[in-house]
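Derivation of every value follows stated rules applied to the coordinates shown; laboratory data play no part. Quick caveat: nothing in here was measured; it's all calculated off a predicted structure. All Cβ positions, even for glycine, are placed from backbone atoms using ideal geometry, and neighbour counts span all protein chains on display.
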Amino acid sequence: MFVIMEEGAAEAQIEAVIGRLITAGFNVHRSTGAVHTVLGCVGPKEELDPGVIELMAGVRECRRVITPYKLAGRNFNPGGTTFSVRGVEIGGSHVVSIGGPCSVESEAQIELAASQVAQAGAKGLRGGAFKPRSSPYSFQGLGEDGLRLLRAAADRHGLFAVSEVMDQTQIPMMERYVDVFQVGARNMQNFNLLKELGKSRLPVLLKRGIAATVEELLLSAEYLLSGGNYNVILCERGIRTFETYTRNTMDISAIPVIKKLSHLPIMADPSHGTGRRDNVIPMARAAVAAGADGLLVEMHPDPDNAVSDGAQSLLPGQFTDMMRQVRLIAAAVGRTA
């Protein structure tokens, strides 16, 4: 259940309610909004009568939560979650774009990519150091050396760094290099990984699985939130359908659905969503129009010679043009980009 405190409730009143809930066997997660403090309570099946809590001083309302995702649901933070990554607000009025190659291949490649991403106006640099590949014979990434190159390039150009974590054993090492952990579609339901990332205080960008429902995505986010990591970004990256023309089917409708059901910011990845360079920009425009809080787009200085995902990676000029177009779309829906 969740408890909404009165506007201006005293800290002592809030602590008294938290203490009562803990005594009853609940784990309590606190969300402090602009007006009200909300307490998300996860606990025993035999829940307290909400009326008992409502009678306590400073309590405005207490309700049972009927959705299986208690902390990821909109009720936990009705105003929406925002947080900062190296001075860049995620989830606010600005649509945040992240660009870069699928994989870090060399110092020269990631340096040039970072320069082009920054010049286009994006805020984050993406680049994989550990790559989940369908074939064991495909390029698997440069590992920690790739992370060092990513970090250095991001720092030189004033960008935050995003890279995919594959296994919980990589977390301590990666925390030295990245600003945002990316959890790929294949690992969306890797619950051991999610539990460990819930203990980290670095933000996590959680991609939707290739056949996952919206509810399953939100339940995966619940693992992160229940561990205490509230800085979670959801990402729509396309789902598998019977259509074969595109790599996946970009589910634009999931964006407004998630905005209604959850307080968490959501980004869109039109590169994996379509798998085709010529479809990336139209889907980026559509995602921003639908309410996406950001874009995660693959851009490579020389995509025709990329070691991975070249066919869905934009050329630098195309990335710049995409940024120009999404600024126009963002302005039309009352945002900036």
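Remarks
- Dividing the mean sequence gap of close Cα pairs (under 8 Å, 6+ apart) by how many residues the chain holds gives a relative contact order of 16 percent.
- Helices of the chain meeting both criteria, an alpha-carbon length of 15 angstrom or more along the long axis and an average Kyte-Doolittle score not below 0.5, with helices taken as full DSSP H segments, are 11-23, 214-226.
- Pairs beyond 23 Å (Cα-Cα), from LYS199/LYS260; LYS123/LYS260; LYS131/LYS207; LYS207/LYS260: LYS199/LYS260; LYS123/LYS260
- Centroid-to-centroid separation of the stretch 195-227 and the stretch 90-122 [C-alpha atoms, Å]: 23 Å
- DSSP loop trypsin sites (Lys or Arg not before Pro) with at most 15 other Cβ within 10 Å: longest gap in the chain: 277-337
- Measuring gaps between exposed loop sites in the chain (chymotrypsin sites (Phe, Trp or Tyr not before Pro); DSSP loop; at most 15 other Cβ atoms within 10 Å), the longest gap, sites not included, is 1-136.
- Once the C-beta distance of GLU111 and GLU11 is scaled by a Förster radius of 35 Å, the resulting FRET efficiency is 0.10 to the nearest 0.05.
- Euclidean distance of C-alpha centroids, the stretch 161-179 and the stretch 53-81, integer Å: 32 Å
- Expressed in Å, the radius of gyration and Dmax of the Cα atoms of the stretch 2-66 are 10.7, 32.
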